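K.L.:
Pasting a structure below so you can have a look.
Read-outs: derived from the displayed coordinates by stated rules, not from any lab. Everything numeric in this text was worked out from a predicted model, so none of it was measured. Cβ placement follows ideal geometry from the backbone for every residue including glycine, while neighbour counts extend to all protein chains displayed.
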């Protein structure tokens with residue numbers, strides 16, 4: 001009689017045991033790799049970013065040289081980085097223990113302040129609000145002061161025409177962008193350069209800005225005044241006193257208007273008064289009205305050493321360090337922490 005030993009119920013075959021051992025070995029090896037230094041990022045780099053620093057990019061993606069790189073999917077890091085307002089595109093690449101972040105930012109041409117908020121203006125005329133933690137990055141961009149919305153749009157449109165030559169290095173050479181009016185063009189702008197020079201240009205001549213670096217090699221002396229002339233494809237060096245004389249005369253008219261209780265109409269380029277507007281609307285001058293309160297800036301109004309500053313186009317008080325706009329008669333102070341002018345909403349004393 002042939003007797004066959006049947007395997008006990010619940011026992012494993014040799015093949016099953018081998019498979020279980022292999023799975024345990026693989027899982028153990030992966031776990032040991034994950035907790036070892038071999039799984040950490042050895043080389044971490046960010047390419048293409050200008051406005052944001054490398055560290056700000058890493059912090060946004062929550063990665064560092066201590067990161068176990070294979071535990072963080074590329075898609076997750078890309079999504080986190082793309083939440084930064086000025087990021088246009090991002091791609092994360094992994095290779096062995098090397099992690100490379102390739103960034104494409106929106107091209108900034110300056111920043112301005114509106115309703116106490118900071119906006120970076122891109123070459124596509126897109127205002128991008130900047131969070132407070134990134135205000136220190138604005139130091140590399142020119143401050144756009146007192147340009148209207150239509151002027152900012154026109155400026156962007158002209159720069160866009162020569163976009164391939166408008167580089168970060170070129171924009172960083174500019175400290176401030178302010179409106180300027182001359183006897184032959186009341187819609188010019190003045191670029192105050194960080195090297196002390198001033199560039200005057202009409203909107204349609206902005207395309208010549210890319211040639212500024214070439215002119216620097218031929219300039220002699222400091223604080224030169226240049227005029228962009230697209231019609232003749234030239235950048236002319238001019239006498240600063242010739243072009244600033246008209247500016248000073250305009251500033252004097254504006255301040256005389258404001259001091260006389262009027263308001264300077266930039267579109268009409270003349271002084272207008274509230275009572276004229278009331279007469280136009282049929283309001284009787286003798287009608288009873290609420291008393292106008294005294295100026296809330298009594299201290300600033302009483303400062304006697306306001307001096308016209310040709311570099312900024314504003315008035316500055318050397319004794320106090322405060323600034324006054326020649327257009328709106330508003331007062332500002334320079335804030336070293338935010339690297340910008342801050343509008344004073346009340347009298348400091």
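K.L.:
Test of understanding: extend the Cα→C-beta vector of residue 126 to 7 Å, then name every residue of segment 141-157 with backbone N under 16 Å from that spot.
P.N.:
Within reach of a label on residue 126, which here means backbone N under 16 Å from a point 7 Å along Cα→Cβ, segment 141-157 contributes 153, 156-157.
K.L.:
Percent relative contact order of segment 38-105, based on C-alpha pairs within less than 8 angstrom and at least six residues apart?
P.N.:
Taking the mean separation of contacting Cα pairs over the length of segment 38-105, I get 43 percent.
K.L.:
Still on this model: Determine the shape class of segment 38-105: with a ≥ b ≥ c the square roots of the Cα gyration tensor eigenvalues, call it rounded for a/c under 1.5, and otherwise prolate if a/b is greater than b/c, oblate otherwise.
P.N.:
Cα axes put segment 38-105 in the prolate bin.
K.L.:
Here's something else I'd like to know. Rounded if a/c is under 1.5, else prolate if a/b is larger than b/c, else oblate: which is segment 86-219, with a ≥ b ≥ c the root eigenvalues of its Cα gyration tensor?
P.N.:
Numbers: a/c = 2.12, a/b = 1.58, b/c = 1.34.
Cα axes put segment 86-219 in the prolate bin.
K.L.:
Continuing with the same structure: Could you work out the relative contact order of segment 108-238? I mean the mean sequence separation of Cα pairs under 8 Å and 6+ apart, divided by the number of residues, in percent.
P.N.:
17
K.L.:
Pull up the DSSP beta bridges for segment 38-105 and report the antiparallel fraction as a percent, rounded to 5.
P.N.:
Bridges in segment 38-105 are about 65 percent antiparallel.
K.L.:
So if each residue of separation counts as 0.36 nm, and I subtract the Cα-Cα distance between residue 157 and residue 97, what length gain in nm does that give?
P.N.:
Between residue 157 and residue 97, full extension yields an extra 17.2 nm.
K.L.:
Now for a different question. Please give the FRET efficiency for residue 59 paired with residue 15, using the beta carbon to beta carbon distance and R0 = 56 Å, rounded to the nearest 0.05. Don't skip to the answer; put the middle values down first.
P.N.:
Working: r = 51 Å, r/R0 = 0.91.
With R0 = 56 Å, the Cβ-Cβ based efficiency is 0.65.
K.L.:
By its C-alpha gyration tensor, with a ≥ b ≥ c as the square roots of the eigenvalues, how is segment 150-235 shaped: rounded for a/c under 1.5, else prolate for a/b larger than b/c, else oblate?
P.N.:
Verdict is rounded for segment 150-235.
K.L.:
Next up: Which ordering of 145, 150 is given by a fewest-first count of other beta-carbon atoms within 10 Å?
P.N.:
Ascending Cβ contact count within 10 Å gives the list 150, 145.
K.L.:
So if I take the centroid of the Cα atoms in segment 169-199 and the same for segment 36-113, what is the distance between those two points in Å?
P.N.:
35
K.L.:
Taking the Cβ of each residue in 16, 201, 53, 67 as the centre, tally the other Cβ atoms inside 10 Å and list the residues starting with the fewest.
P.N.:
Fewest-to-most ranking of 16, 201, 53, 67: 16, 53, 67, 201.
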